[in-house]
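Undergrad: First the structure, then my questions, so here it is.
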Amino acid sequence: MDRCCTTKKYEKNKLLQIFWKVSKHIWETTALAIFVASGVASCTKTPQEQRVPDRPEKTTPSEYIYVQGRSLMKPDKTVFMMKGVDLAGWLSPDGALFGFTKTRAERDLNLMFCQIAGPKRAAAFWKRHKDGFITEEDIRYIAKCGANTIRVPFDWRLFSSDTDFMGLAAEQDGFTRLDNLMKWCSAAGLYVIFDMKAAPGGQTGDWSDNGCGYPWLLGGKAQQTEMTKIWGEMAKRYKAEKSLLGYEIMDSPLCADAKFNALISKVEPLCRKIVKAIRAADKNHVIILDAVRDGQDFSCYSDFEFDDNILYTGHADTPSAFDSALDAIVRFREYNTGLPALLSGGNPGADGSRMAKKMSENNVGYTFTPYKSYEGDCSLLSFGPVTGWNIVTRFADSKRTTFDDLHALGNFNVGDVAESLVDFSNACRFSECRKNKSVEAAF
């Protein structure tokens, strides 16, 4: 009995030894294969993984901010680290900055104001908004905070002679507004970026371009002609402006909805067309090209030689999206373009200093948005509350699809609403705003 058990135990141990040897051989063979494969992978990089060599130094003197390799340069040939503030909501309104969650685009805001207070009061509100939301006091404060750049998003309708926009039904006042801004920024020592937030026909497919829910610009000849005309006129007007940093020709083309992916290939050809129109009048200023799919995807670009004074920008709408967005644009700069990078950071709040530090360490210029918001804590300035504004907010965020819907919301005093609209315009003026020290610290 004991001998039998011993024999069986020996045979079992023998089998275990054989199994272990076979297993060890398989493991070692597999590990070697992985090691070799990883070694080949690390030594044989794809073209996109090869760092783009530094570009030759420009020898022609410039009186303007210009692109040199991976950096922006001042006329004195020192590096210019962009630290900017985005004037969101001023010349391209955003309902979120008014405290609304469902009514965002100007066309929807204007309709809502007309419904709740009447067309004349709506037009008066928009005039007060353009006059008071951003003034020279705001610009002086931004410069005092330590910023060096202003980014001004605008709607193309401000430069059209036959559109109804922000209270004007005929001749628009876009150039007057930008002329004043340029004067204020020049006096304060700030540079300016003109950013077409809303292009003819719409370029995103969502509310942010104040369009119809589809990026008709990318397939529309008439819309592209209108856009080219506006940028050509702007280039002629501002070509000698020393305080102008550059033209951001199309803000965040195409939202992240996959149904628009087929249009991605149309972005770069349109950008080249616009660049050509600008360069016909202005060879001095930088041109800025945006990533697609909510400012996160640079795959639409492949030609990095057609102009030597271009930089690329991405967007991070929230601090939680910041780190991945920064990594993406740094890799794009290092392995694709060899050109400067810019990142627009949304709602920085208490994260502003961390975000600014990381961008400076990576030589990535930045602008923070928004500058001013209603009862917000993530912008440089906030304002409110405004008496009676809760009535306007409730109306704006309610269903208003049919006339029955509107009639059901009619339990308010129009006189009180009209007074709230005036009070809102006064509350957003610089003298009435609160300063956010945590965002100030980012500059």
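Undergrad: Identify the single condition in (1) under 19 Å from Arg333 (Cα atoms); (2) in contact (Cβ under 8 Å) with a residue 60 or more places away in the chain; (3) in contact with a strand residue (DSSP E or B) (Cβ under 7 Å, 6 or more places away or on another chain); (4) not β-branched (Val, Ile, Thr) that Leu91 does not satisfy, given that it satisfies every other one.
TA: It is condition (1) that Leu91 fails.
Undergrad: Let me ask you something else. Check Thr402, Thr393, Thr367 and return the single one that is among the β-branched types (Val, Ile, Thr) and under 22 Å from the mean Cα position of the chain (by Cα).
TA: Thr367
Undergrad: Could you check the range 381-443 for helices (runs of 4 or more DSSP H) lying wholly inside it with 2 or more residues that are surrounded by 13 or more Cβ atoms within 10 Å (Cβ to Cβ)?
TA: Because the criterion is at least 2 residues that are surrounded by 13 or more Cβ atoms within 10 Å (Cβ to Cβ), the helices (runs of 4 or more DSSP H) in the range 381-443 that meet it are 389-396, 414-427, 437-440.
Undergrad: Out of all the residues in the range 105-159, which are more than 24 Å from Lys357 (Cα to Cα) and β-branched (Val, Ile, Thr)?
TA: Matches in the range 105-159: Ile116, Ile134, Thr135.
Undergrad: Of all residues being farther than 14 Å from Asn436 by Cβ and touching a strand residue (DSSP E or B) at 6+ places or on another chain (Cβ under 7 Å) in the range 361-380, which is surrounded by the fewest Cβ atoms within 10 Å (Cβ to Cβ)? Just the residue, please.
TA: Asn363
Undergrad: Within the range 311-322, identify whether any single residue is touching a strand residue (DSSP E or B) at 6+ places or on another chain (Cβ under 6 Å), in a strand (DSSP E or B) and more than 30 Å from Lys435 (Cα to Cα), and answer yes or no.
TA: yes
Undergrad: Do you know which of the residues in the range 363-380 that are of a type outside the set (Gly, Ala, Ser) and part of a loop (DSSP other than H, G, I, E, B) is nearest to Ser420 (Cα to Cα)?
TA: Of everything passing the filter in the range 363-380, Glu375 is nearest to Ser420 (Cα to Cα).
Undergrad: Let me ask you something else. Which one of Ala350, Ala325 is within 25 Å of Asn436 (Cα to Cα), within 15 Å of the chain's Cα centre (by Cα) and assigned to a helix (DSSP H, G or I)?
TA: Values: Ala350 fails: within 15 Å of the chain's Cα centre (by Cα).
It is Ala325.
Undergrad: From Phe194, Phe260, which residue is in a helix (DSSP H, G or I) and hydrophobic (A, V, I, L, M, F, W, C)?
TA: Values: Phe194 fails: in a helix (DSSP H, G or I).
One residue alone meets the criteria, Phe260.
Undergrad: So which of Asp138, Asp108, Asp164 ends up being within 27 Å of Met227 (Cα to Cα), acidic (Asp, Glu) and within 23 Å of the chain's Cα centre (by Cα)?
TA: Exactly one of Asp138, Asp108, Asp164 is within 27 Å of Met227 (Cα to Cα), acidic (Asp, Glu) and within 23 Å of the chain's Cα centre (by Cα), namely Asp108.
Undergrad: Looking at this structure, is Leu289 within 19 Å of the chain's Cα centre (by Cα) and not in a helix (DSSP H, G or I)?
TA: yes
Undergrad: Cβ-Cβ below 7 Å, separation at least six or inter-chain, first residue in the range 360-388 and free of Cβ contacts under 8 Å to residues at least 40 places away in the same chain, second among the acidic types (Asp, Glu): which pairs?
TA: The qualifying pairs are Pro385/Glu375; Thr387/Asp423; Gly388/Asp416; Gly388/Glu419.
Undergrad: State the number of residues belonging to the range 239-261 that are surrounded by fewer than 18 Cβ atoms within 10 Å (Cβ to Cβ) and touching a residue at least 60 places away in the same chain (Cβ under 8 Å).
TA: So the count comes out to 1.
Undergrad: Name the one entry in Lys221, Lys273, Lys236 that is over 30 Å from Phe368 (Cβ atoms), basic (Lys, Arg) and surrounded by 15 or more Cβ atoms within 10 Å (Cβ to Cβ). Quick ask: steps written out before the conclusion?
TA: Working: Lys221 fails: surrounded by 15 or more Cβ atoms within 10 Å (Cβ to Cβ); Lys236 fails: surrounded by 15 or more Cβ atoms within 10 Å (Cβ to Cβ).
After ruling out the rest, the residue left standing is Lys273.
Undergrad: Can you name the condition, by its number, that Ser373 falls short on among (1) more than 17 Å from the chain's Cα centre (by Cα); (2) under 30 Å from Gly415 (Cα atoms)?
TA: (1)
Undergrad: Something else about it: Could you list all residues from the range 212-240 that are part of a loop (DSSP other than H, G, I, E, B) and either touching a strand residue (DSSP E or B) at 6+ places or on another chain (Cβ under 7 Å) or hydroxyl-bearing (Ser, Thr, Tyr) (or both)?
TA: Selection gives Tyr214 alone.
Undergrad: Considering every residue within the range 241-250, establish whether at least one is under 19 Å from Gly89 (Cα atoms) and either of a type in the set (Lys, Arg) or at pLDDT below 95 (or both).
TA: no
Undergrad: Please go through (1) under 20 Å from Ser92 (Cβ atoms); (2) assigned to a helix (DSSP H, G or I) for Val275 and return the number of the only condition it doesn't satisfy.
TA: Just one mismatch for Val275, condition (1).
The values are calculated or read from the model by the stated rules, or taken from the named source; none is laboratory data. Keep in mind that what you see is a predicted model, and the values were worked out from it rather than measured. Neighbour counts run over all protein chains shown; Cβ positions are idealised from the backbone, glycine included.
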